[in-house]
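The structure under discussion appears below in the form of structure tokens.
The values are calculated or read from the model by the stated rules, or taken from the named source; none is laboratory data. All of these numbers come straight from a predicted model, not from anything done at the bench. With ideal geometry, Cβ positions are generated from the backbone for all residues, glycine too; neighbour counts draw on all protein chains shown. Side chains included, ligands, DNA and RNA excluded: accessible areas come from the protein's heavy atoms. Shrake-Rupley method; radii C 1.70, N 1.55, O 1.52, S 1.80 Å.
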Amino acid sequence: MVQKMPIVTEPVQTKLTETPLEPIGPLDTKVMQYLPKMAEGCRVPVFMDDQQAFIPAEIVSIRENAGVREFYIHYVNYNRRLDEWVKTDRMNLKELVPPPSASSSSSTSNNVSQEISRTVPSATTPSTSSDMPLGNTTTFVLSDDAEYLNSDLTQTSAISPLTDCSTTTMAAIPPTKTRGNGNNHHSGVHSVTKVKNIDMIHLGRYFIKPWYFSPYPEELTSCPVVYICEFCLKYCKDVDAIKRHRTKCTLIHPPGNEIYRNGTTSFFEVDGRKNKAYSHNLCLLAKLFLDHKTLYYDTDPFMFYILTEFDAQGFHIVGYFSKDKESNEDYNLSCILTLPPYQKKGYGHFMIEFSYTLSKLEGKIGTPEKPLSDLGLLSYRRYWSEALMEALLNHKPKDGDLDYPSLSINDLSEITAIKKEDVLAALQNLNVIRYQQGSYVLSITKDLFDSYHDKRRLRVNSKSLVWTPKLPTKPINQFQIK
Ligand code: ACO
Ligand code: ZN
């Protein structure tokens, strides 16, 4: 019965039916002589189904399967979730090149984290604004000190565009850290962690194809499918084992307290210290889709917020985010995951909004732990832009007044609970901030406003939240909670 459920594979693999752009041609003896030399680190163009083109790729690992050599390849400048096992028939062996010398590694530095790790001075200069909306454009004059802001914006403009994050995580970081849920990556040049080790998982109603390595027990790596109980997240090696498990496992929701319910959507708060087995299994599951994160066995310092959708069978896990119980760096979110079957439906946004809602209740400004993944950065940029647009839409002249009240980056940060660096980065990314007559102004067209206005399908309803912060540090009313 379980096998009849829908199969979700991400990314969708299309069959290679069309003629490749550049025919590979038969493997003549001239080409064949290269084969014995094929080794880890070699570069060779490989036909990528998604792109329908040959893409430069690096051989990460080699194995023999029923007498046939297979190569685990990484498409250069593409995310590692697209890495795959291929045979030589997908390769243009005429362009095989030996591994580059150690000094000219393909890894580049990760600029994603730099984007939001700058400091912004607090707002000091009052606004000189009397700018009024011009036609379809609304202009806000920022009251932050122009000189400081200017220097910060100069740095902001140096932000590199969103690129492949996968090639940027190779910096050797000692795998000795014992804290939970961190950002480090254990990939050495020949590390086994660069090769996906689980072919398929079955979770609830879905078969899901993992994206990355996760340190599940060795014996599971040879199973065609790893079966995971969707409620306690225990993993089993076959259907019989999961059936046996389900006769014993009485859970129909994650452990912990249900702290939010709105319609069929709930959040459960799980303490990593009190529910170690669940938290550990959750991290193992999450690692299948998170490349930047190292899995640690100490989950004590974290709270986990599990997003579920309810139906007659129970509360099905949709995604989660983790949060440091105490963070000196203002982190309000450590890791976030929407499970692939639920992605691109607004749940990521919803969880991010939820994380900022908790921050507002704590009286804190928050920021996600760095580095962000490529999809993490896209989601955060979108959230920050929408939250700022909403704050600006609500920022209106007082009755009978033509002038907009002054507004600073600091104000925007306090209204939204988004850290100032992130506010600035988001405004810069939107290309709405500019220098004009000695002040920094935000010019936002009606079209831009409209494109953000109430686009989100899922919104956090704070009335559905039953949660008290452990240690409130500021009066709650400093923030706007809707
Ligand atoms: N391609 C392009 N844009 C995307 C994609 C995508 N595949 N996924 C999300 N986005 C962008 C879009 O701008 C989207 O807004 P829009 O729908 O208005 O265009 C926005 O992100 C939010 O989309 P959601 O549907 O709300 O996000 P989703 O539920 O898919 O979750 C998440 C986003 C959590 C990043 C998900 O992709 C995921 O789990 N990825 C794997 C794990 C990961 O990378 N986590 C972040 C690591 S960083 C950290 O943990 C701090
Ligand atoms: Zn179970």
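Among the residues of region 251-266, is there at least one that is among the small types (Gly, Ala, Ser) and either surrounded by fewer than 15 Cβ atoms within 10 Å (Cβ to Cβ) or within 16 Å of ligand 2 (Cβ to nearest atom) (or both)? Break it down stepwise before answering.
Initial filter on region 251-266 (among the small types (Gly, Ala, Ser)): 256, 263, 266.
With the extra rule that they be either surrounded by fewer than 15 Cβ atoms within 10 Å (Cβ to Cβ) or within 16 Å of ligand 2 (Cβ to nearest atom) (or both), the set shrinks to 256, 263.
Yes, the conditions are met somewhere in region 251-266.
Looking at Glu353, Glu386, Glu390, can you tell me which residue is touching a helix residue (DSSP H, G or I) at 6+ places or on another chain (Cβ under 9 Å), modelled with pLDDT under 95 and either in the same structural domain as Ala286 (by the TED database) or open to solvent by 40 Å² or more (accessible area, probe 1.4 Å) (or both)?
Working: Glu353 fails: modelled with pLDDT under 95; Glu386 fails: either in the same structural domain as Ala286 (by the TED database) or open to solvent by 40 Å² or more (accessible area, probe 1.4 Å) (or both).
The match here is Glu390.
Report, by residue number, each residue of region 204-217 that is outside any loop (DSSP other than H, G, I, E, B) and surrounded by 21 or more Cβ atoms within 10 Å (Cβ to Cβ).
The initial filter retains those residues of region 204-217 that are outside any loop (DSSP other than H, G, I, E, B), namely 206-208.
Ile208, the sole residue that qualifies.
What are the residues in region 266-296 that are under 16 Å from the mean Cα position of the chain (by Cα) and of a type in the set (Lys, Arg), if any?
Lys287, Lys293
Determine whether Ser322 is among the small types (Gly, Ala, Ser), buried (at least 18 other Cβ atoms within 10 Å of the Cβ), within 13 Å of ligand 1 (Cβ to nearest atom) and under 17 Å from Phe268 (Cα atoms). Before the answer, list the steps.
Values: among the small types (Gly, Ala, Ser): yes; buried (at least 18 other Cβ atoms within 10 Å of the Cβ): yes; within 13 Å of ligand 1 (Cβ to nearest atom): yes; under 17 Å from Phe268 (Cα atoms): yes.
Criteria met by Ser322.
With respect to Ile73, determine if the residue is at pLDDT 55 or above and open to solvent by less than 80 Å² (accessible area, probe 1.4 Å). Don't jump to the end; show me each part of the working.
Working: at pLDDT 55 or above: yes; open to solvent by less than 80 Å² (accessible area, probe 1.4 Å): yes.
Yes; evaluated as a whole, the condition is true for this residue.
Any idea how many residues of region 414-441 are in contact with a Phe, Trp or Tyr (Cβ under 7 Å, 6 or more places away or on another chain), surrounded by 20 or more Cβ atoms within 10 Å (Cβ to Cβ) and more than 24 Å from Leu361 (Cα to Cα)?
Selection size over region 414-441: 1.
Going residue by residue through region 78-90, is there one that turns out to be polar (S, T, N, Q) and either buried (at least 16 other Cβ atoms within 10 Å of the Cβ) or at pLDDT 95 or above (or both)?
Residues of region 78-90 polar (S, T, N, Q): 79, 88.
Filter again for either buried (at least 16 other Cβ atoms within 10 Å of the Cβ) or at pLDDT 95 or above (or both), leaving 79, 88.
Within region 78-90 (the criterion being polar (S, T, N, Q) and either buried (at least 16 other Cβ atoms within 10 Å of the Cβ) or at pLDDT 95 or above (or both)), the answer is yes, since at least one residue qualifies.
Take the residues of region 239-250 that are open to solvent by less than 40 Å² (accessible area, probe 1.4 Å) and under 30 Å from Thr193 (Cα atoms): which is farthest from ligand 2 (Cβ to nearest atom)? Explain how you work it out, then say what you get.
At the first step, the residues of region 239-250 found to be open to solvent by less than 40 Å² (accessible area, probe 1.4 Å) are 239, 241-242, 245, 249.
From what is left, the residues that are under 30 Å from Thr193 (Cα atoms) are 239, 241-242, 245.
Working: Val239: 14, Ala241: 11, Ile242: 9, His245: 6 Å.
Ranking the qualifying residues of region 239-250, first place goes to Val239.
With respect to Asn328, is the statement that it is farther than 24 Å from Phe213 by Cβ and out of contact with any strand residue (DSSP E or B) (no Cβ under 9 Å at 6 or more places or on another chain) true? Quick ask: steps written out before the conclusion?
Values: farther than 24 Å from Phe213 by Cβ: yes; out of contact with any strand residue (DSSP E or B) (no Cβ under 9 Å at 6 or more places or on another chain): yes.
It is true that Asn328 is farther than 24 Å from Phe213 by Cβ and out of contact with any strand residue (DSSP E or B) (no Cβ under 9 Å at 6 or more places or on another chain).
Criterion first (open to solvent by 50 Å² or more (accessible area, probe 1.4 Å), of a type outside the set (Asp, Glu) and in contact (Cβ under 8 Å) with a residue 24 or more places away in the chain) does Ala277 satisfy it?
Values: open to solvent by 50 Å² or more (accessible area, probe 1.4 Å): yes; of a type outside the set (Asp, Glu): yes; in contact (Cβ under 8 Å) with a residue 24 or more places away in the chain: yes.
So Ala277 passes the test.
Can you tell which of Lys396, Lys344 is in a loop (DSSP other than H, G, I, E, B) and within 16 Å of ligand 1 (Cβ to nearest atom)?
Numbers: Lys396 fails: within 16 Å of ligand 1 (Cβ to nearest atom).
On inspection, the qualifying residue turns out to be Lys344.
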